[in-house]
Each structure stands twice: as structure tokens, then as C-alpha cells.
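Worksheet for the structure shown next.
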């Protein structure tokens with residue numbers, strides 16, 4: 001029976017795009033908006049400080065990069081701040097803005113408030129990154145019921161209802177991260193055997209490689225580096241990303257951008273072609289890194305490629321031909337894309353959400369921990385002092401929930417206290433692992449059993465770690481709960497973030513792209529039963545305005561590039577029209593944007 005506290009949705013919070021889904025009538029469905037199933041993971045503010053997310057924010061990157069943030073997922077788990085206009089925000093705050101947008105989309109589509117979610121993260125996210133994601137969800141007004149691994153989520157929508165034993169390899173190559181998981185499915189039990197990944201490897205790296213190649217070729221020809229100017233760099237990156245997508249279909253693709261730079265008052269245009277074999281050569285080192293992770297995951301699961309029954313592709317970067325080519329060569333089988341790689345993770349998260357909500361979905365999920373957890377211990381003495389090492393207690397790929405304990409001894413008989421330093425990582429050297437907590441256990445001194453200390457780790461399925469240290473001879477005990485390893489995010493910082501984000505959400509009403517239109521949420525195509533939504537919104541006008549926006553951004557960028565070479569009345573007209581168009585875009589005046597685009601395009605045609 002479903003929980004009465006409102007629906008739980010599944011959210012794939014991605015580096016490039018994010019998706020929200022829910023189970024309706026027993027089937028997982030993506031909650032689309034204006035026919036768009038994915039939301040670009042981009043956040044921006046306009047000149048007045050109004051918040052924008054999604055397509056509108058992404059389209060502003062070229063014209064106003066200082067007011068726009070993308071790929072924030074790669075910074076999760078750090079307290080590095082990013083500039084958004086005249087304010088600085090932490091990664092959890094930026095991610096909260098994206099999650100808030102998805103929450104509002106889901107609320108409109110389901111026609112009821114949504115405040116609970118299952119959020120997915122890369123399997124190789126460490127504890128800090130997972131807790132930063134949870135923090136982002138809470139800042140967005142969501143109760144995060146569970147954080148689950150992206151490859152694990154994807155398996156929940158494959159082979160549904162099958163009771164046959166299958167061993168599946170999930171190859172998840174997204175915009176900013178890479179993961180591979182080996183999963184065993186049998187009798188409605190989904191058990192993760194191993195996971196391996198790289199949180200700094202994704203489609204963004206393929207885009208950068210192509211961009212740098214194109215920029216180098218342009219620089220050789222014109223002695224101008226297109227990467228030095230933020231606006232120009234983004235235009236180039238956007239063109240290269242589009243070319244990358246096209247190379248999945250065509251073997252030769254043109255890359256052309258007019259007025260991309262100027263030299264000595266003369267405008268310069270980018271016009272070259274890229275072949276698929278050129279692109280393959282550029283990205284081969286990145287693809288090789290994914291295959292290395294695959295090999296390690298197989299070793300960890302004690303399986304060979306011949307024991308894998310299905311090879312599941314997840315993430316937009318799996319559409320790259322070289323990726324499929326390498327996987328075919330490795331596994332001697334055709335990879336599976338039965339579910340859209342961009343949507344599989346969110347759909348699986350929705351299945352997990354429904355299970356938590358009490359709905360019968362026919363699967364039981366057994367996940368694993370992505371990193372080894374342990375403590376600092378002394379392995380012996382040297383002339384320099386104690387030889388401190390990392391002593392594992394819960395090993396990587398242990399099934400969740402997990403409980404393990406180890407016995408240690410004090411360094412000397414009269415030791416009055418022991419420091420329990422909790423670490424996460426895979427290396428015996430202390431400094432090469434991540435510190436996630438410390439506490440002190442006071443001891444009763446003496447010899448014999450009083451020298452023994454038992455350290456127990458209890459790791460829940462949602463990643464909460466309880467560390468208990470006990471002196472068995474006396475019963476003295478101390479424990480530490482690590483449910484927010486992002487310790488830098490203190491209570492006063494959180495209160496400040498909640499107040500500031502709350503003010504931004506209120507000021508933006510439902511975010512600029514939502515335009516306070518209650519009827520814009522919808523089910524994706526193919527739903528058996530589509531909810532009837534209010535008919536009061538004018539979606540065509542909004543869609544027409546949004547379709548004009550990319551053109552306006554390109555025109556403004558072209559005007560900025562050529563203005564130094566234009567004189568007299570044309571220069572004045574160029575400047576005034578650019579200002580008027582910018583103001584019309586900020587105000588959302590669709591008809592004025594269309595008219596001003598035509599006028600600015602005419603002037604640019606004559607001054608070329």
C-alpha cells in the first residue's frame with residue numbers, strides 16, 4: 001500500500017542533464033515538460049538576479065558566462081564556491097536550484113505537492129559527494145529518502161519480472177562521470193557484485209578534447225586562441241559538442257561559426273571539418289580508461305566476460321561509436337539499449353522510490369559500498385615514531401547494509417585514551433585516503449584485556465555510518481554517527497543557504513523557465529493514461545519565445561565580436577539594438593525579441 005505522505009519521485013541529477021520520473025499505474029514514467037524529458041543541468045541569473053534553469057540558462061552561457069554555471073556535479077563534495085552574477089554559491093546550493101526545478105516539474109505533472117525523492121549518484125561517489133547531494137536535496141525542499149548508485153538504478157528497469165539468473169554489466173558513461181557495475185539478478189533480487197568508476201571522466205572530457213583540437217587548428221591558421229575569451233570559448237565548445245553528437249551518425253561533420261573572433265579589426269570565421277577517425281584518435285585515451293574500469297570490476301566480481309549475460313549501456317556518451325566498437329571487441333556481443341540511455345537511471349530511481357513507498361514492483365535491491373572504510377592504526381614503530389597505516393574494516397563492494405568489526409590494541413599499557421580516526425579510500429598510506437571523522441575514547445589503564453579495543457562499523461543502505469569503539473574489559477564505549485561527512489557545511493552555513501535560496505525561489509516565483517504556468521507539466525509520450533491538466537496556459541507563446549532565444553544569443557555574440565570594426569551610425573545602431581534586445585530578453589517580451597532579432601540581423605548582414 002502506498003504511503004499517504006505524497007508520492008516519492010526518482011531523480012537523476014546529472015552533470016549535463018537531469019531527469020525526474022515517477023511510477024504511475026505500476027509503470028515508471030518520465031515527467032516531461034513541453035515535450036522535453038531532460039532538463040539541462042545549468043543554472044543562471046538574469047541582470048535583475050532572477051533565477052533561471054534548464055534550456056534558458058544553457059542558452060545564456062555564450063552571452064553571459066559570468067552569470068551562468070554548468071557541470072556543477074563535478075564539484076560536489078567540495079566547498080569550492082562558484083560565481084553566479086555578483087553572488088557566490090557552493091555546489092550543493094547550485095544543485096539545489098536544479099532539484100527545486102525538478103521538484104516543481106513533478107508537482108505540476110502529478111497535480112499534487114512533491115516533497116520526497118530518491119536521488120541517484122555515480123557508484124564511485126565518495127561519502128562527501130553523497131552527503132553533498134543529500135544536502136542539495138534538502139536545500140531544495142526535498143526529503144531525500146535514499147541515495148542510490150546510478151548503474152544500480154538502471155538495472156531496475158531491465159529484465160523486469162524475469163526470474164532467470166542473469167549477470168549484467170552496466171556501463172554508465174555520462175556527461176561528467178563514468179561507472180561500471182556488475183549486477184546479478186535472480187528471482188526478483190538485484191544484487192550488485194562490484195562497482196568501479198571515475199568521477200572525473202565523462203562526455204565533458206570528449207567535448208574538451210575536440211574543442212582543444214579545433215582551437216589549435218584555428219590558432220595555427222590565424223594566430224588567435226579562441227579559448228582565451230569566455231564567451232568565445234563557450235561558442236566553440238557548444239559547436240564541438242554538436243559536432244560530437246553528429247559524428248555518432250555521420251563520418252564527416254563541418255564545424256562553422258561566423259564572427260567568432262577578430263584580428264586587427266578584421267572579423268574571423270571558423271570553418272573546418274572533422275572526421276570520425278580524427279575524433280576517435282582524440283578520445284581513445286578516455287575510452288581506454290573506461291575499459292580499464294570494466295576489467296577491474298570483472299576481477300572484483302570474480303567473473304569473466306563470458307559469464308556476462310547482458311551488457312547494458314547507460315548515459316549519453318555511450319552513443320559514441322568508438323565506445324560501442326571497443327565494447328563489442330571486449331565482450332564479443334552487441335550492447336543493449338532497450339531503455340533510452342538518457343532516461344534509464346531516472347526510471348530506475350522511480351522504481352526504487354515506489355518500492356520505498358510500499359508499492360509492489362517485484363524487485364529487491366542489494367547495493368554495495370563504492371569505497372573501503374577503515375581507521376588509522378599503528379603497524380609498528382620506527383626510529384621516526386609510530387608507523388601509521390590505513391586499516392580497512394568495511395571493504396569496497398561489500399553488500400549494504402554492512403556491519404563489520406575489528407580488534408585493536410593500545411600502543412602501551414598505561415594509555416589513557418585512543419583517537420579513532422575514520423578514513424575512506426583504497427590506499428595503505430594515510431594521507432592518500434579521505435578523512436571523514438574523528439573521536440576520542442577514554443580508557444581505563446592496565447595490562448591484559450584492558451589493552452584491547454573493538455571498533456565496529458555499521459553502514460546503512462542509505463550510506464549512514466555508525467562507528468563504535470569499545471574497551472571490552474571495562475565496557476567503556478563511544479560512538480560517532482557520520483551522516484554528514486561534509487563537515488564544512490555547518491549549521492549556520494546551512495541556515496544562511498536556506499534563507500538565501502528561499503528568497504531566490506520566492507523572487508523567481510517558480511523559476512523563469514516555468515513562467516508560473518500550472519499546465520506545463522506532462523507525462524512522456526506513450527503513457528497509458530495522461531492526467532488532465534488545466535488549460536489556462538499559453539504554451540505556444542512560451543515555446544516560440546524559447547525557440548528565439550538561441551538566435552538572440554548568437555546575434556548578440558556576433559555584434560560583440562564586430563563592434564570594434566564598425567563606425568558611425570552603424571556602430572550606434574549596433575550598440576543600441578544590442579542593449580534593447582538584452583533588455584527584452586530579460587523582460588521575457590517575446591514579440592520585442594523577435595522584432596529586434598530581425599533588425600540586428602539586418603545590420604550585421606550589411607556590416608560584414
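Name every residue in the range 351-379 that is in contact with a helix residue (DSSP H, G or I) (Cβ under 9 Å, 6 or more places away or on another chain), at pLDDT 90 or above and not in a strand (DSSP E or B), in order of residue number.
Residues satisfying the conditions are 351, 352.
Can you name every residue in the range 260-279 that is in a strand (DSSP E or B) and either under 29 Å from the mean Cα position of the chain (by Cα) or not assigned by TED's automatic domain parsing to the domain that holds residue 234 (or both)?
274
Determine which member of the set 323, 312 is in a helix (DSSP H, G or I), at negative phi, surrounded by 21 or more Cβ atoms within 10 Å (Cβ to Cβ) and within 25 Å of the chain's Cα centre (by Cα). Step through it out loud before you land on a result.
Working: 312 fails: in a helix (DSSP H, G or I).
The conditions single out 323.
With the requirement that a residue be within 20 Å of residue 428 (Cα to Cα) and not in a strand (DSSP E or B), what does the range 387-409 give you? Explain how you work it out, then say what you get.
The initial filter retains those residues of the range 387-409 that are within 20 Å of residue 428 (Cα to Cα), namely 387-398, 404-409.
395, 396, 397, 398, listed by residue number.
Residue-by-condition table, conditions (1) within 26 Å of residue 23 (Cα to Cα); (2) touching a strand residue (DSSP E or B) at 6+ places or on another chain (Cβ under 6 Å):
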position	(1), (2)
77	no, no
82	no, yes
92	no, no
97	yes, yes
103	yes, no
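Based on this model, can you work out whether residue 220 counts as loosely packed, with under 15 Cβ neighbours inside 10 Å and at positive phi? Show your work before the answer.
Numbers: loosely packed, with under 15 Cβ neighbours inside 10 Å: yes; at positive phi: no.
When the stated conditions are applied, residue 220 does not pass them.
Among (1) modelled with pLDDT of 95 or more; (2) in contact with a helix residue (DSSP H, G or I) (Cβ under 6 Å, 6 or more places away or on another chain), which single condition is residue 145 missing?
(1)
Consider the range 576-593. How many of its residues are at pLDDT 75 or above and over 15 Å from residue 63 (Cβ atoms)?
The number of residues fulfilling the criteria is 2.
Take residue 287 and decide whether it is modelled with pLDDT of 90 or more and in a helix (DSSP H, G or I).
On the way: modelled with pLDDT of 90 or more: yes; in a helix (DSSP H, G or I): yes.
It is true that residue 287 is modelled with pLDDT of 90 or more and in a helix (DSSP H, G or I).
For residue 102, work out the one condition from (1) closer than 30 Å to residue 235 by Cα; (2) touching a helix residue (DSSP H, G or I) at 6+ places or on another chain (Cβ under 9 Å); (3) in a helix (DSSP H, G or I) it doesn't fulfil.
(2)
Looking at 238, 242, 246 in this structure, which one is surrounded by 18 or more Cβ atoms within 10 Å (Cβ to Cβ) and either within 25 Å of the chain's Cα centre (by Cα) or touching a residue at least 24 places away in the same chain (Cβ under 8 Å) (or both)?
Working: 242 fails: surrounded by 18 or more Cβ atoms within 10 Å (Cβ to Cβ); 246 fails: surrounded by 18 or more Cβ atoms within 10 Å (Cβ to Cβ).
That would be 238, the only listed residue that is surrounded by 18 or more Cβ atoms within 10 Å (Cβ to Cβ) and either within 25 Å of the chain's Cα centre (by Cα) or touching a residue at least 24 places away in the same chain (Cβ under 8 Å) (or both).
From (1) surrounded by fewer than 19 Cβ atoms within 10 Å (Cβ to Cβ); (2) touching a residue at least 12 places away in the same chain (Cβ under 8 Å); (3) in the same structural domain as residue 458 (by TED's automatic domain parsing), pick out the condition that doesn't hold for residue 393.
Going through (1) surrounded by fewer than 19 Cβ atoms within 10 Å (Cβ to Cβ); (2) touching a residue at least 12 places away in the same chain (Cβ under 8 Å); (3) in the same structural domain as residue 458 (by TED's automatic domain parsing) one by one, residue 393 breaks only (1).
Checking residue 404 against (1) more than 19 Å from residue 151 (Cα to Cα); (2) loosely packed, with under 14 Cβ neighbours inside 10 Å: exactly one of these is not met. Which one?
Answer for residue 404: the failing condition is (2).
Residue by residue, here is whether (1) under 20 Å from residue 369 (Cβ atoms); (2) within 17 Å of the chain's Cα centre (by Cα); (3) crowded, with 17+ Cβ neighbours inside 10 Å holds:
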site: 188; (1), (2), (3): no, no, no
site: 198; (1), (2), (3): yes, yes, yes
site: 201; (1), (2), (3): no, yes, yes
site: 214; (1), (2), (3): no, no, yes
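Name every residue in the range 415-467 that is surrounded by fewer than 17 Cβ atoms within 10 Å (Cβ to Cβ), over 20 Å from residue 405 (Cβ atoms) and touching a residue at least 60 places away in the same chain (Cβ under 8 Å), in order of residue number.
Result: 434, single match.
Could you say which residue among 317, 292 is free of Cβ contacts under 8 Å to residues at least 12 places away in the same chain, under 22 Å from residue 192 (Cβ atoms), assigned by TED's automatic domain parsing to the domain that holds residue 208 and part of a helix (DSSP H, G or I)? Spell out how you get there, then give the answer.
Working: 317 fails: free of Cβ contacts under 8 Å to residues at least 12 places away in the same chain.
Result: 292 is the single residue among 317, 292 that is free of Cβ contacts under 8 Å to residues at least 12 places away in the same chain, under 22 Å from residue 192 (Cβ atoms), assigned by TED's automatic domain parsing to the domain that holds residue 208 and part of a helix (DSSP H, G or I).
Within the bounds of the range 25-40, is there any residue that is out of contact with any strand residue (DSSP E or B) (no Cβ under 9 Å at 6 or more places or on another chain) and closer than 28 Å to residue 560 by Cβ?
The first filter runs over the range 25-40 and keeps only residues out of contact with any strand residue (DSSP E or B) (no Cβ under 9 Å at 6 or more places or on another chain), leaving 25-27, 36.
Applying the additional criterion that residues be closer than 28 Å to residue 560 by Cβ yields none.
No, every residue in the range 25-40 fails to be out of contact with any strand residue (DSSP E or B) (no Cβ under 9 Å at 6 or more places or on another chain) and closer than 28 Å to residue 560 by Cβ.
Here is a check on your reading of the model: is residue 77 touching a residue at least 12 places away in the same chain (Cβ under 8 Å), buried (at least 20 other Cβ atoms within 10 Å of the Cβ) and part of a loop (DSSP other than H, G, I, E, B)?
Working: touching a residue at least 12 places away in the same chain (Cβ under 8 Å): yes; buried (at least 20 other Cβ atoms within 10 Å of the Cβ): yes; part of a loop (DSSP other than H, G, I, E, B): yes.
So residue 77 fits the description; yes.
The values are calculated or read from the model by the stated rules, or taken from the named source; none is laboratory data. Remember, it's a predicted structure, so these values are computed and weren't measured experimentally. FYI the Cβ positions are ideal-geometry reconstructions off the backbone, even for glycines, and counts take in every protein chain you see.
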